[in-house]
Amino acid sequence: MKFNNWNVHISPTAILGKNVKIGDDTSILDNVVIGDNAIICNNCIIGEPISDYYEDPKYTNPKTIIGSGSLIRSHTIIYSGSTIGNHFSTGHRVTIRENMKIGNHCRIGTLSDLQGFSELGDYCWLHSNVHIGQQSKIGNFVFIYPYTVFTNDPHPPSNICIGPTVDDYTQIAVGAILLPRVKLGKHVLVGAQAVVGKDVADYQLVVGNPAKPIKDVRDLISRETGKSHYPWPYNFERGMPWKDIGFDKWENIHHK
Amino acid sequence: MKFNNWNVHISPTAILGKNVKIGDDTSILDNVVIGDNAIICNNCIIGEPISDYYEDPKYTNPKTIIGSGSLIRSHTIIYSGSTIGNHFSTGHRVTIRENMKIGNHCRIGTLSDLQGFSELGDYCWLHSNVHIGQQSKIGNFVFIYPYTVFTNDPHPPSNICIGPTVDDYTQIAVGAILLPRVKLGKHVLVGAQAVVGKDVADYQLVVGNPAKPIKDVRDLISRETGKSHYPWPYNFERGMPWKDIGFDKWENIHHK
Amino acid sequence: MKFNNWNVHISPTAILGKNVKIGDDTSILDNVVIGDNAIICNNCIIGEPISDYYEDPKYTNPKTIIGSGSLIRSHTIIYSGSTIGNHFSTGHRVTIRENMKIGNHCRIGTLSDLQGFSELGDYCWLHSNVHIGQQSKIGNFVFIYPYTVFTNDPHPPSNICIGPTVDDYTQIAVGAILLPRVKLGKHVLVGAQAVVGKDVADYQLVVGNPAKPIKDVRDLISRETGKSHYPWPYNFERGMPWKDIGFDKWENIHHK
């Protein structure tokens, strides 16, 4: 229904793996490499040239890599010069600029805007409309909810660019703002609409503007179960590598 | 000027009413039904397949219904499996996922992102960049202003999904966040950037993070008139069914 | 790579300057005028008709002007009836409605949504995902950061529409909301996620919800330099007209 090869353009220098599907009205530009079994839906641009293209007559598009088994939904723009792992998926209208390094099994939601020059580990899930400024470093299993913004300029406008750093398993709820330079530990929970300007230690829940630590996440009581949902990997395994074996066993095998 | 039938694709199983216009670069996919006199502008996808499509070789697109007299502006994506009433209109780049039930005379603004599995009554106006998470229930005459987010997971990430419920005539100002499970009564006014975690009674104005009721909306004094603008249906009738007859008379006829 | 003249449509009444490039899948509609050396990337619509088009059989598209040396990135929609200066640039998926007056050297970031009927001076930089409601007035050298919203209805929903006014050099940080009618002076700094409901005098830093002035920006101490970064034109000249000559000298020449 969607893969009719209408108005599809694939550069002669692009390399497509086995069984790759390209949607209608999509362009795959120079030096793009797409892994086996990936699906690129309609109206996408993969390998969008960086700014130099408009000025340099000798411009060559940097290499873009998208891993195998990925699903890129419609109207997504991925710049050239980014490297993205396997089993990547996006919603619609995602924008990913150059010099991103994205691990395996990541998901980026509709309308999210990754400004490039940043790193995401494995299994990061960014929901709709997340904005990641340049020079951000995000670990593994970090989930970021809609309308969250990662900033990087401490005195706007300046030439300083230092994004936030977020460690593994941390959850950042809806509408939060991470100010430049801030470091969040592991298993942190950032509350809805928190403005985080100071570093946050492992396992802290921070809320408010300015965000303050109010509790250890392990002491939060769930209305449903009467005990804490956190650390969440013990209570959530959909899509996670510890599915069916449990977090402890998986951690023992893989991280010790 | 915009309806030249360039690069338009209409599935043989789509059913278009009388006098329907389809814009350039738009695709109408399988089992879409569009009512009389509707206009679908350019670069839209109507009947976008749900996730099963990518996995199930026997996939059939669920039925999508868009009512008569609707105006869908460009770059909008409407998934298959949603039912939308008459006189619907959207801005640009709207995303509406599957299993939405939308009443008559609704308007959804540019960049708004409806995640599906939710209900809107009649005459709901969502302005630009509103995000409605799954399992939300929205009554009639509810207006929602830009950058408002409806959430649904009380302990992210979990498998619980319980969205907010909003009753008739309620107004939700810019940048507000409705937390999971919250119930808002009728004629509520949510202030700009409020984070609403507790239920709100009819006619309350709530502000802040966490949002607290501070006043009955009927006691708000307008700088322009020296009396309250609320309940707003007595003071606003543009596009409303009580236009020219007044809210009391209309209510007597239709709701008593 | 991107300018292959595939699926490009240019109205016979459009006027293109010398050396203008038009990207694939882009439409230039009636009565659009584009200055010399401008680049309009792929999938754009320039001269999108206003609402009357759908109702008035005698509709004529108002004139749209885009200045020379502009760079409009992909998926951008610019309505007819706006006048935009030279050296304008946009990110992706920008929406600009009718009756905007935009000066020279302005930049509008990815996903930003300008609702029309507003003014921007020269050298305004709006980053990603900024929402400017109707009837806003923005001076020169005003920088606005992501997820900021300019509102205009003091009692939603009403028929009153009075946007904010922002004077030269003012900086509005991430996630701020400007309430209707508010006036910001020169060299103001609005903190992240501030909700500004009262007028702000020149050189004030305002923070919080509701926003309150807490300091003169000239008294802010930079962690990097030990002195204030503000007024910022003394410390930032990238892309600014005082580059290489300094702000004082430039101001003496041009503004006294």
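The values are calculated or read from the model by the stated rules, or taken from the named source; none is laboratory data. This one's a predicted model, so the numbers in the text were calculated from it and none came from an experiment. For neighbour counting, all protein chains shown are included, and Cβ atoms are generated from backbone atoms with ideal geometry for every residue, glycine included. Surface areas here come from the heavy atoms of the whole protein model, side chains and all, with no ligands, DNA or RNA. Shrake-Rupley method; radii C 1.70, N 1.55, O 1.52, S 1.80 Å.
Some points to look at:
- 20 °C / 1.002 mPa s Stokes-Einstein diffusion coefficient of the range B:64-149, Kirkwood radius on C-alpha pairs, µm²/s: 178
- Heavy atoms of B:Glu251 accessible to a 1.4 Å probe, total area in Å² rounded to 10: 40
- Net charge over other residues, Cβ less than 15 angstrom from the Cβ of B:Glu224 (K, R count +1; D, E count -1): +2
- Taking B:Pro156, B:Pro12, B:Pro164 in turn, the Gaussian network model of chain B (Cα-Cα springs below 10 Å) assigns the largest fluctuation to B:Pro156.
- Summarising the strand pairing of the range A:95-254, around 10 percent of its internal DSSP beta bridges are antiparallel.
- Using a 7 Å Cα-to-Cβ projection, A:Lys18 label spacings across copies, nm, ascending: 5.6, 5.6
- Surface composition of the range A:1-106: carbon and sulfur atoms hold 48% of the protein heavy-atom accessible area at a 1.4 Å probe.
- Residues whose placed amide H lies under 5 Å from that of C:His92, excluding near-sequence neighbours: C:Thr110, C:Leu111
- Whole-angstrom Cα spans of the protein assembly as shown along principal axes, big to small: 73, 67, 55
- Phi-based couplings in Hz for the range B:195-207 (Karplus 6.51, -1.76, 1.60; Gly and Pro marked x): 10, 9, x, 10, 4, 10, 6, 3, 6, 8, 8, 10, 9
- In the range C:102-202, one over the average inverse separation of all distinct C-alpha pairs is 13.0 Å, which is the Kirkwood hydrodynamic radius.
- Distant-in-sequence amide contacts of B:Asn209, defined by a placed amide H-H separation under 5 Å and a gap of 5 or more residues or a different chain, comprise B:Val195.
- Accessible area of the range A:1-133 divided out per residue, in Å², using a probe of 1.4 angstrom: 33
- 10 Å Cβ neighbours from other chains, averaged over peptide B:1-12: 4
- Summarising the amide proton neighbourhood of A:Asn31: residues at separation of 5 or more, or on other chains, whose placed amide H is nearer than 5 Å comprise A:Thr13, A:Ala14.
- Distribution of pairwise C-alpha distances over the range C:25-108, 10 Å bins, in %: 21, 56, 20, 4
- For C:Asp244, label point 7 Å along C-beta direction: distances to other copies, nm: 6.6, 6.6
- Centroid-to-centroid separation of the range B:97-148 and the range A:48-104 [C-alpha atoms, Å]: 31
- Charge dipole (chain A, unit charges on Cβ, about Cα centre) - positive-most of A:Phe143, A:His87, A:Ser70: A:Phe143
- C/B buried area, accessible surface, summed, 1.4 Å probe, Å²: 3300
- Ordering C:Lys243, B:Lys2 by accessible surface, largest first, gives C:Lys243, B:Lys2; the 1.4 Å probe counts only protein heavy atoms, with every chain in place.
- Residue-by-residue Karplus 3J(HN,Hα) for the range A:58-66, coefficients 6.51, -1.76, 1.60, Hz, glycine and proline x: 9, 3, 10, 5, x, 5, 10, 10, 10
- Where A:Thr26, A:Thr151 fall by accessible area, highest first, once all protein chains stay in place (1.4 Å): A:Thr151, A:Thr26
- Shape parameters for the range B:177-256, alpha-carbon atoms, Rg then Dmax in Å: 14.5, 40
- Computed from backbone phi, the HN-Hα couplings of the range B:239-250 come to x, 8, x, 8, 3, 6, 10, x, 5, 4, 5, 4 Hz, rounded to whole numbers (Karplus: 6.51 cos²θ - 1.76 cosθ + 1.60, θ = phi - 60°; Gly and Pro given as x).
- Considering only the protein assembly as shown, percent of DSSP beta bridges that pair antiparallel, nearest 5: 5
- Peptide B:143-155 shows a mean partner chain C-beta count of 6 within 10 Å per residue C-beta.
- Label 7 Å beyond Cα on the Cβ vector: B:Asn4 copy-to-copy distances, nm: 1.9, 1.9
- Chain B, dipole about Cα centre (Lys/Arg Cβ +1, Asp/Glu Cβ -1), debye to the nearest 20: 520
- For the range B:1-159, the Kirkwood hydrodynamic radius comes to 15.7 Å, computed from all pairs of different C-alpha atoms.
- Estimated 222 nm signal from helices in chain A, with DSSP H stretches of n ≥ 4 weighted -39500 (n - 2.57), rounded to 500: -1000 deg cm²/dmol
- Convex hull of Cα atoms in the range B:1-60, direction-averaged projection (nm²): 4.3
- Trypsin sites (Lys or Arg not before Pro) lying in DSSP loop within the range C:36-73, provided at most 14 other Cβ fall within 10 Å: C:Lys58
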